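The values are calculated or read from the model by the stated rules, or taken from the named source; none is laboratory data. Treat the numbers as computed from the prediction; the structure is a model and nothing was measured. So basically every Cβ, Gly included, is an ideal-geometry build from the backbone, and we count neighbours across all protein chains shown.
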């Protein structure tokens with residue numbers, strides 16, 4: 001294998017050695033006598049060696065050492081994002097989409113896992129004996145993988161734009177509530193599938209009463225939809241403090257309320273609601 005940079009050859013050499021050692025295989029010899037070249041000699045079980053050593057190491061090498069650069073190239077040269085922070089954020093979203101590491105970001109439908117696409121390209125390409133340029137392999141044999149990357153980048157950019165719209169939406173609601181007098185000092189919100197509002201003495205505020213609190217200017221001046229059941233009355237009331245009782249702190253609406261009101265929000269377990277309510281009533 002011929003590499004563009006000596007550092008890449010060194011990484012591949014190290015990866016192959018570690019894999020051979022981990023599997024205790026004595027019929028594979030890996031050499032790195034030329035700075036840009038890595039040689040692999042297999043004396044038996046050739047197909048097995050390619051399957052369990054060569055291909056997995058090359059997949060890992062490509063993902064770790066080349067993938068980020070390709071994604072950034074698409075972001076900048078196809079979608080024309082040039083700001084460093086924007087590119088970084090889109091890259092992180094793209095990686096999360098492929099890794100499935102962030103449950104809040106949906107996966108891209110109909111995209112074959114990149115490990116499978118790289119493995120298929122290598123299966124079709126690797127024949128023993130073979131001498132090849134890694135750059136040539138990347139350039140001519142990775143079309144399916146590159147198409148999948150492009151699809152992921154498109155989805156990542158869509159997700160990034162949604163996040164920017166959400167942040168603008170949140171900032172607008174923060175500014176709205178900061179510029180108005182609180183209609184209640186304290187509000188209790190019970191999250192039990194739906195959201196139920198209670199005044200400072202834990203008396204429930206019914207839906208029709210809650211609806212009367214809504215400031216129409218809030219609805220008219222928001223670029224995104226604001227629901228009339230939770231956010232619109234809550235931001236219109238703009239209480240000094242909010243207590244949320246929930247067993248799902250990662251719920252989207254709970255997180256949105258927290259993002260708007262920040263340090264004014266305290267989150268309790270749903271079980272503690274009745275205890276605090278009884279204590280308040282006794283007082």
- Task: Could you check how many residues of the stretch 64-76 are without any contact (Cβ under 8 Å) to a residue 60 or more places away in the chain and surrounded by fewer than 17 Cβ atoms within 10 Å (Cβ to Cβ)?
- Result: 6
- Does residue 230 satisfy the criteria of being touching a helix residue (DSSP H, G or I) at 6+ places or on another chain (Cβ under 7 Å) and in contact (Cβ under 8 Å) with a residue 12 or more places away in the chain? yes
- The condition of being under 19 Å from residue 71 (Cβ atoms) and either touching a residue at least 12 places away in the same chain (Cβ under 8 Å) or in contact with a helix residue (DSSP H, G or I) (Cβ under 7 Å, 6 or more places away or on another chain) (or both) holds, among 150, 183, only for 150
- Message: Quick check on residue 219: is it crowded, with 18+ Cβ neighbours inside 10 Å and either assigned to a helix (DSSP H, G or I) or touching a residue at least 40 places away in the same chain (Cβ under 8 Å) (or both)?
- Response: no
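Yes/no matrix, rows are residues, columns are (1) touching a helix residue (DSSP H, G or I) at 6+ places or on another chain (Cβ under 6 Å); (2) in a loop (DSSP other than H, G, I, E, B):
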{"position": "118", "(1), (2)": "yes, no"}
{"position": "127", "(1), (2)": "no, yes"}
{"position": "136", "(1), (2)": "no, no"}
{"position": "140", "(1), (2)": "no, no"}
{"position": "166", "(1), (2)": "no, no"}
{"position": "170", "(1), (2)": "yes, no"}
{"position": "175", "(1), (2)": "no, no"}
{"position": "211", "(1), (2)": "no, no"}
- Task: Count, please, the residues in the stretch 32-52 that happen to be touching a strand residue (DSSP E or B) at 6+ places or on another chain (Cβ under 6 Å), over 16 Å from residue 134 (Cα atoms) and without any contact (Cβ under 8 Å) to a residue 60 or more places away in the chain.
- Result: 2
- Of all residues in the stretch 231-246, how many are part of a loop (DSSP other than H, G, I, E, B) and either more than 29 Å from the chain's Cα centre (by Cα) or at pLDDT below 95 (or both)? 3
